[in-house]
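Read the structure below first, then the notes.
Just so it is clear, none of the values below were taken in a lab; they were calculated from the coordinates. Model, not experiment: these values are computed from the prediction. Reconstructed Cβ throughout: ideal geometry from the backbone, glycine too, with neighbour counts over all protein chains shown.
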Amino acid sequence: MNFTTNGIHKTQLAKNQFNNKNNIMKLLMIYCNRFAYKPQIKTLAEFPDFDQAEEFQDVLVGFIQMEKEDEENPKYFETKLVKSLKWAAKKNTTQRIILHSFAHLSESKAAPAVTKELFDAVEQRLQNTGYECVQTPFGYFLDIDVKAPGRSSARIFKSF
């Protein structure tokens, strides 16, 4: 049976409702030979305290902006994030992925608790499929140090 509305398939309508180009999740992926951070300023009191610096080698870092409108269908964005991160990791021949909340790619911001739940779900799914995945401390401004190679696959931007 073929369900359409004005010639548009129902499945396409469902996809289109999340493709508003003004308010969609943004993902900047940078493959790093070296990525290091040190927590500096805690901005969200409800999340755990961190003071330890960390350093990683051969890692894909996902700078992720979840927007307010993305809260309507977190499972959709969870799947898109997992697929995009796995694809970019394969392009850069790494099994290591870091999730970093980067609320600077748009003016619209999802609730911190919703974003953290999404990150936890994405981290678990990636770990379940053999990736080493961690998150940077949530609710902090970090000093970051990035060493990334000069090739196109090392810097990928997606929005969905």
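Does Ala88 qualify as being of a type in the set (A, V, I, L, M, F, W, C) and buried (at least 18 other Cβ atoms within 10 Å of the Cβ)?
Yes: the conditions hold for Ala88.
Residues in segment 126-160 that are part of a helix (DSSP H, G or I) and buried (at least 18 other Cβ atoms within 10 Å of the Cβ): 1 in all. Checked against (1) farther than 19 Å from Thr43 by Cα; (2) touching a residue at least 12 places away in the same chain (Cβ under 8 Å); (3) exposed (fewer than 14 other Cβ atoms within 10 Å of the Cβ), Phe77 meets all criteria but (3). Inside segment 44-63, can you point out the residues that are loosely packed, with under 12 Cβ neighbours inside 10 Å and not charged (D, E, K, R)? Answer for segment 44-63, where residues must be loosely packed, with under 12 Cβ neighbours inside 10 Å and not charged (D, E, K, R): Ala45, Pro48, Gln52. Of the residues making up segment 115-136, just one is in contact (Cβ under 8 Å) with a residue 60 or more places away in the chain and farther than 13 Å from Phe63 by Cα, namely Lys116.
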